Protein chains: 2
Amino acid sequence: MNEIARNSTRLDSYVDRYAARTKGMTASEIRALFAVASRPEVVSLAGGMPNISGLPLDIVGNAISDLIAHQGPTALQYGSGQGDPVLREQITDVMRLEGIDAHPDDIVITVGSQQAVDLVTRIFCDPGDVVLCEAPSYVGALGVFKSFQCDVVHVEMDADGLVPEALRQAITAVKAAGKRIKFLYTIPNFHNPAGVTLSLARRREVLEICREADILVLEDNPYGLLGFDQEPMRAMRADEAEGVIYLGSFSKTFAPGFRVGWALAPHAVREKLVLAQESATLCPSSFSQMAISAYLREHDWQGQIKGFREMYRERRDAMVDALATHMPAACTWNVPSGGFYVWLTLPPGIDAKAMLPRAVTARVAYVPGTAFFADGFGSGSMRLSFCYPTPDRIREGVRRLAGVLEQELELRETFGAMSPAPGLNPRSGYDGPSTDMT
Amino acid sequence: MNEIARNSTRLDSYVDRYAARTKGMTASEIRALFAVASRPEVVSLAGGMPNISGLPLDIVGNAISDLIAHQGPTALQYGSGQGDPVLREQITDVMRLEGIDAHPDDIVITVGSQQAVDLVTRIFCDPGDVVLCEAPSYVGALGVFKSFQCDVVHVEMDADGLVPEALRQAITAVKAAGKRIKFLYTIPNFHNPAGVTLSLARRREVLEICREADILVLEDNPYGLLGFDQEPMRAMRADEAEGVIYLGSFSKTFAPGFRVGWALAPHAVREKLVLAQESATLCPSSFSQMAISAYLREHDWQGQIKGFREMYRERRDAMVDALATHMPAACTWNVPSGGFYVWLTLPPGIDAKAMLPRAVTARVAYVPGTAFFADGFGSGSMRLSFCYPTPDRIREGVRRLAGVLEQELELRETFGAMSPAPGLNPRSGYDGPSTDMT
């Protein structure tokens with residue numbers, strides 16, 4: 001009996017007592033597979049863990065040692081619900097790299113930007129409210145929206161990101177159905193999972209559409225400073241202060257282990273976010289915030305990010321080269337200009353989720369596309385991460401994946417299009433968030 | 001124009017778009033006063049900040065330095081949503097001091113125990129569900145319950161804690177009204193804010209009542225190891241594993257700046273809590289957890305707690321001595337056997353919230369009793385904290401407070417019972433949580 005089946009038959013004496021919102025909190029169907037995928041012999045192209053091996057541990061260690069010696073009683077104490085004023089000031093410098101001119105008073109520190117998505121949804125969304133998301137969208141955000149009983153409406157993307165005309169149509173359709181749109185959730189830079197970037201012209205157009213329709217934009221930007229080919233693009237928030245909540249994070253540009261992200265919000269919204277933060281955690285960790293503050297002060301953090309960009313570019317190159325070399329002709333993928341992810345579309349009739357157990361057996365893992373849709377779509381696609389494994393491992397992983405795909409295609413040739421594996425319904429394939437899939 | 005008035009008249013273009021739950025998230029009416037109360041010349045008997053000046057900063061600094069040097073790549077990376085297995089194992093040792101025999105697999109690490117209250121409420125409570133709380137109860141928990149649109153029903157306490165007969169009556173009344181009780185929220189040891197401790201006989205009785213009525217117990221225990229006169233009392237969870245969720249915290253026994261607490265829950269509930277944690281934050285901070293783990297491993301933490309107990313006992317003594325010396329005859333208070341708080345009941349006709357501005361002018365601050373009720377009661381009481389100021393400052397603060405009270409009593413003598421200050425309605429005096437009031 002496998003673990004999934006055991007879990008579902010385990011007696012839960014509280015089963016009648018949970019809140020309705022827990023129906024939206026479900027364990028990933030593929031979680032058991034990821035436990036296998038974490039074995040060293042498996043090349044995981046599934047995870048979104050940054051590669052932090054290049055961090056200067058001596059500098060980080062010394063900065064934190066000094067912090068405890070000189071500011072210990074503050075670092076170890078409760079802080080403000082809004083977050084450390086010194087760090088908030090430094091964050092304005094970080095955001096200035098993307099053209100944002102912000103006041104520290106409009107920033108709220110969060111437990112990673114994941115918590116920022118949670119708090120924004122908490123203050124805006126009643127059950128049944130609509131959140132517009134790209135198709136596909138970040139699995140962790142979809143999990144939050146689902147846990148607050150929102151209706152997610154996906155909006156088409158292409159190589160230049162969100163398609164403005166599709167956004168217009170979605171807004172019209174939702175309004176015609178009498179539903180309330182609370183915000184557009186978008187990842188404009190180096191999209192997770194799609195790898196694409198919203199063009200500058202489209203940023204203006206999307207802002208204009210949302211302004212006209214009176215729709216708030218939630219601009220989630222964990223990867224904006226990790227472009228490979230150019231300077232950071234101008235944030236949407238840089239051109240629209242009242243209609244945009246901007247989310248940033250140190251998880252990809254420094255280290256996720258501190259769990260420090262932030263929201264930059266219009267002033268009135270910021271006040272609500274602080275109240276929500278106080279209710280959720282009293283305050284974010286003083287220690288984590290001051291450790292990051294010390295790192296920013298005492299290290300060439302922009303030089304460090306430059307190093308990260310070069311390291312990730314090399315891995316991106318390894319992945320797209322290997323894809324070009326090994327993948328069957330009918331596969332397509334994009335070449336991301338930054339971030340962590342390639343979105344791979346499979347030949348017609350191949351189901352990425354159904355194929356996953358066979359891939360893991362062949363010692364390679366990925367995240368099936370269905371994880372990134374709230375409505376079960378995406379079975380013909382997958383997300384491949386190039387952030388964590390070394391270039392050699394990436395090449396080996398892609399080679400293994402191509403082998404599995406070749407076998408699938410042979411089977412399809414022999415027996416016709418595959419049906420999904422038993423119990424895996426491609427129309428209800430949404431998977432809850434997991435740190436394996438950040 | 002004062003700050004409160006400015007805030008309430010500030011234009012908020014999002015005012016029609018917030019979720020219904022934000023109605024339960026309101027800024028404390030007394031927050032502006034606390035900004036004044038944080039001035040050095042004011043003796044604050046209001047805050048719940050632990051006094052961590054006795055912590056061995058050299059040991060903490062070295063432990064964290066070693067951590068980064070030897071386990072940096074793990075400490076700086078994402079961790080599991082449930083929390084670090086090594087720390088969870090160590091937490092079983094901490095809980096064993098209160099008679100709890102737990103498996104690390106049933107523990108979920110949270111961002112302080114505040115987040116544990118939030119996650120438990122999130123998975124159990126639909127709008128309108130009833131949560132039973134002591135009268136008074138912890139302001140931060142009341143804020144969570146309100147933000148999830150729960151109905152709080154207060155249950156009477158006396159010097160031995162929650163009154164079993166009152167609990168029976170409350171359950172009967174709520175059930176008769178056709179409402180669902182989701183859990184009893186209780187702080188059995190050194191109650192915040194009431195200072196009382198639930199007797200052993202009553203623990204058994206409360207468990208029995210809740211078992212019979214099929215009501216979950218949420219046992220919140222941040223202060224259990226901080227008793228002044230005896231060894232830690234046996235936790236309710238020690239005698240009932242299936243019907244109790246136990247919450248613990250390192251904020252008072254070590255340091256709050258890491259924001260690390262935990263929930264020990266029945267297995268099925270634990271699974272839901274992990275899903276909720278992943279949705280809220282992906283995972284708690286690896287760095288914070290491993291720092292605490294290193295501290296527990298490398299320091300005589302039980303000896304440290306013994307030191308805290310002696311330090312807090314001395315402050316408790318200073319407070320109750322000063323109260324006996326200075327307070328007008330008609331005041332009553334308890335003598336807590338541990339924790340941080342004394343609950344003071346004023347002479348009839350004196351309103352603690354109305355008096356607060358005058359107290360702050362006289363350079364002493366406290367939290368009015370209304371903050372600890374969801375229903376506006378408590379105006380004749382206040383919480384006095386002895387955790388943070390030195391014994392001399394505590395004595396001086398109580399002396400000032402007594403002076404203010406004497407003046408109030410004279411006014412009452414002259415003009416009759418006071419009405420509350422304009423705009424401060426004693427029936428709607430609930431104050432949102434604030435780190436000033438933890």
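The values are calculated or read from the model by the stated rules, or taken from the named source; none is laboratory data. Owing to the predicted nature of the structure, the values given are computational and were not obtained by experimental measurement. Note that we place each Cβ from the backbone using ideal geometry, even for glycine, and neighbour counts take in every protein chain shown. With ligands, DNA and RNA removed, areas are computed over all heavy atoms of the protein, side chains included. Shrake-Rupley method; radii C 1.70, N 1.55, O 1.52, S 1.80 Å.
Here B:Lys252, B:Lys182 are screened, and the one residue that is outside any loop (DSSP other than H, G, I, E, B), within 14 Å of chain A (Cβ to nearest Cβ) and of a type in the set (Lys, Arg) is B:Lys182.
Here is the figure for the range A:128-146: residues that are at the interface with another protein chain (Cβ under 9 Å from one of its Cβ atoms) and more than 26 Å from A:Phe340 (Cα to Cα) total 1. Is it true that some residue in the range B:332-339 is open to solvent by 40 Å² or more (accessible area, probe 1.4 Å), farther than 23 Å from B:Glu41 by Cα and among the aliphatic types (A, V, I, L, M)? Yes, some residue in the range B:332-339 is open to solvent by 40 Å² or more (accessible area, probe 1.4 Å), farther than 23 Å from B:Glu41 by Cα and among the aliphatic types (A, V, I, L, M).
Mind counting the residues in the range A:366-405 that are open to solvent by less than 10 Å² (accessible area, probe 1.4 Å) and within 30 Å of A:Val152 (Cα to Cα)? Going through the range A:366-405 one residue at a time, the tally reaches 14.
A:Gly195 meets all of the listed conditions (1) at negative phi; (2) open to solvent by less than 10 Å² (accessible area, probe 1.4 Å); (3) in contact (Cβ under 8 Å) with a residue 60 or more places away in the chain but one, namely (1).
Among the residues making up the range B:208-219, a single one is in contact (Cβ under 8 Å) with a residue 24 or more places away in the chain and assigned to a loop (DSSP other than H, G, I, E, B): B:Ile215. Out of the residues in the range A:17-69 meeting the condition of being basic (Lys, Arg) and open to solvent by less than 60 Å² (accessible area, probe 1.4 Å), tell me which one is farthest from B:Arg270 (Cα to Cα). Restricting to residues being basic (Lys, Arg) and open to solvent by less than 60 Å² (accessible area, probe 1.4 Å), the top hit is A:Arg21.
Do we have A:Gly261 as farther than 24 Å from A:Arg234 by Cα, within 14 Å of another protein chain (Cβ to nearest Cβ) and within 22 Å of the chain's Cα centre (by Cα) here? Against the criterion (farther than 24 Å from A:Arg234 by Cα, within 14 Å of another protein chain (Cβ to nearest Cβ) and within 22 Å of the chain's Cα centre (by Cα)), A:Gly261 does not qualify.
The number of residues in the range A:279-288 that are part of a helix (DSSP H, G or I) and either more than 7 Å from chain B (Cβ to nearest Cβ) or within 30 Å of A:Asn62 (Cβ to Cβ) (or both) comes to 4. Looking across the range B:26-41, the residues that are part of a loop (DSSP other than H, G, I, E, B) and within 26 Å of B:Tyr223 (Cβ to Cβ) come down to B:Ser28, B:Ile30, B:Ser38.
Here's the yes/no breakdown for (1) among the charged types (D, E, K, R); (2) modelled with pLDDT of 95 or more:
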| residue | (1), (2) |
| --- | --- |
| B:Cys331 | no, yes |
| B:Ser337 | no, yes |
| B:Trp343 | no, yes |
| B:Pro348 | no, no |
| B:Gly380 | no, yes |
| B:Arg383 | yes, yes |
| B:Phe386 | no, yes |
| B:Ile394 | no, yes |
| B:Leu401 | no, yes |
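Applying a threshold of 8 Å to beta carbon distances and a minimum spacing of six or more residues, or different chains, the list of pairs starting in the range B:120-136 at a residue that is farther than 17 Å from B:Gln169 by Cβ and open to solvent by 10 Å² or more (accessible area, probe 1.4 Å) and ending at one that is charged (D, E, K, R) and in a helix (DSSP H, G or I) reads B:Asp126/A:Arg21; B:Pro127/B:Arg21. Against the list (1) open to solvent by less than 20 Å² (accessible area, probe 1.4 Å); (2) farther than 30 Å from A:Phe258 by Cα; (3) β-branched (Val, Ile, Thr), the condition B:Thr172 fails is (1). Remark: B:Val320 matches the filter, which requires a residue to be open to solvent by less than 40 Å² (accessible area, probe 1.4 Å), farther than 19 Å from B:Gly380 by Cβ and of a type in the set (Val, Ile, Thr).
Taken as a whole, the structure places B:Pro73 among residues that are surrounded by fewer than 24 Cβ atoms within 10 Å (Cβ to Cβ) and either in contact with a helix residue (DSSP H, G or I) (Cβ under 9 Å, 6 or more places away or on another chain) or more than 7 Å from every other protein chain (Cβ to nearest Cβ) (or both).
Criterion applied to A:Pro222, A:Pro188 was being open to solvent by less than 10 Å² (accessible area, probe 1.4 Å) and part of a loop (DSSP other than H, G, I, E, B), and the one residue passing it is A:Pro188.
For B:Ala263, the criteria (1) in contact with a helix residue (DSSP H, G or I) (Cβ under 6 Å, 6 or more places away or on another chain); (2) crowded, with 24+ Cβ neighbours inside 10 Å; (3) closer than 26 Å to B:Ala159 by Cβ hold in every case but one, which is (3). Among the residues of the range B:343-354, not a single one is of a type in the set (Phe, Trp, Tyr) and either assigned to a helix (DSSP H, G or I) or open to solvent by less than 10 Å² (accessible area, probe 1.4 Å) (or both). Annotation note: of B:Ala263, B:Ala291, B:Ala276, the sole residue that is of a type in the set (Gly, Ala, Ser), assigned to a helix (DSSP H, G or I) and closer than 30 Å to B:Val206 by Cβ is B:Ala276. Exactly one residue out of A:Gly48, A:Gly83, A:Gly24, A:Gly112 is modelled with pLDDT under 95 and either within 30 Å of A:Ala238 (Cα to Cα) or in contact with a His (Cβ under 8 Å, 6 or more places away or on another chain) (or both): that is A:Gly48. One residue alone among B:Ser147, B:Ser113, B:Ser137 is in contact with an Asp or Glu (Cβ under 7 Å, 6 or more places away or on another chain) and not charged (D, E, K, R), and that residue is B:Ser113. Scanning the range B:159-179 for residues that are part of a helix (DSSP H, G or I) and over 16 Å from B:Val196 (Cβ atoms) turns up B:Glu165, B:Arg168, B:Gln169, B:Ala170, B:Ile171, B:Thr172, B:Ala173, B:Val174, B:Lys175, B:Ala176. Screening B:Ala330 with (1) in contact with a Cys (Cβ under 6 Å, 6 or more places away or on another chain); (2) away from chain A (no Cβ under 14 Å) gives one miss only, at (1).
Exactly one residue out of B:Ser147, B:Ser113, B:Ser137 is on the phi < 0 side of the Ramachandran plot, out of contact with any helix residue (DSSP H, G or I) (no Cβ under 9 Å at 6 or more places or on another chain) and of a type outside the set (A, V, I, L, M): that is B:Ser113. None of B:Glu205, B:Glu156 is of a type outside the set (A, V, I, L, M) and either part of a helix (DSSP H, G or I) or open to solvent by less than 20 Å² (accessible area, probe 1.4 Å) (or both) except B:Glu205.
The residue of the range B:227-258 that is nearest to B:Arg315 (Cα to Cα), among those that are in contact with a Pro (Cβ under 9 Å, 6 or more places away or on another chain), of a type outside the set (Phe, Trp, Tyr) and surrounded by fewer than 22 Cβ atoms within 10 Å (Cβ to Cβ), is B:Thr253.
So that you can scan it fast, the table gives a plain yes or no per residue for (1) away from every other protein chain (no Cβ under 14 Å); (2) of a type in the set (A, V, I, L, M):
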| site | (1), (2) |
| --- | --- |
| B:Leu200 | yes, yes |
| B:Ala213 | no, yes |
| B:Leu225 | yes, yes |
| B:Asp229 | yes, no |
| B:Arg237 | yes, no |
